[in-house]
Amino acid sequence: MALSEDFLEEDIHPIDIVEHIAEHHDWSFDRLGDDQIAMAVEGQWRTYSITLAWSDYDETLRLVCSFEMEPPEGSEPKLYEALNAVNDQCWAGAFTYWAQQQLMIFRYGLVLAGGQVASPDQIDTMIRVAVMSAERFYPAFQLVVWGDRTVEDAMQVAIAEAYGRA
């Protein structure tokens, strides 16, 4: 059953939809207010902190997916080079590094101008893409800052397709 089948009315608040999705997936979450929710989503590499917030001002549903990244001193230039390479591969959203908080951030904004309404499937896809992107590129960031690998080598790990069956 598609997530959208649970919603019949069209004027439902996007954060209400996110809360329903979190319950559906059994993710722990905290409704921070009418327009914001935070949740934890377990991945293969880490548990990702995901926050979604609705802005009436610009009619945008903003997603921030974060995980801790504490690069060794002096490795920031290579990290920023890796960020550029990774963002060249991301078509929906982008990564940034918040050095003061030591957090890697994946950001995405879904603009719903003119009273558009996001479907539950769209919002679920936003969250899934954020986690998939973090999972895909986490090893590349680690190889660059901790494994002393070149950005090109690290990107090959992130871009490599798996073949066969487990």
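The values are calculated or read from the model by the stated rules, or taken from the named source; none is laboratory data. Treat the numbers as computed from the prediction; the structure is a model and nothing was measured. Because the Cβ atoms are built from the backbone with ideal geometry, glycine has one as well, and the counts that use them run over all protein chains shown. Accessible surface areas use protein heavy atoms only, side chains included; no ligands, DNA or RNA. Shrake-Rupley method; radii C 1.70, N 1.55, O 1.52, S 1.80 Å.
For the stretch 45-67, the set of residues classified as out of contact with any strand residue (DSSP E or B) (no Cβ under 7 Å at 6 or more places or on another chain) and not hydrophobic (A, V, I, L, M, F, W, C) consists of D56, Y57, D58, listed by residue number. Checked against (1) at pLDDT 95 or above; (2) among the polar types (S, T, N, Q); (3) in a helix (DSSP H, G or I), S66 passes all but a single condition, namely (3). The residues in the stretch 38-54 that are farther than 20 Å from E23 by Cα and at pLDDT 95 or above can be counted, and the count is 0. Please work out if M155 is touching a residue at least 40 places away in the same chain (Cβ under 8 Å), within 22 Å of P72 (Cα to Cα) and assigned to a helix (DSSP H, G or I). Criteria met by M155.
Within the stretch 85-114, the set of residues being in contact with an Asp or Glu (Cβ under 9 Å, 6 or more places away or on another chain) and either in contact (Cβ under 8 Å) with a residue 40 or more places away in the chain or among the acidic types (D, E) (or both) comprises A85, G109, V111, L112, A113, G114.
Inside the stretch 117-130, can you point out the residues that are in a helix (DSSP H, G or I) and either touching an Asp or Glu at 6+ places or on another chain (Cβ under 9 Å) or among the aromatic types (F, W, Y) (or both)? Hit for the stretch 117-130 is P120, nothing else. For residues that are free of Cβ contacts under 8 Å to residues at least 24 places away in the same chain and not polar (S, T, N, Q), scanning just the stretch 54-82, find the one that is most open to solvent (accessible area, probe 1.4 Å). Going through the qualifying residues, I end up with Y57.
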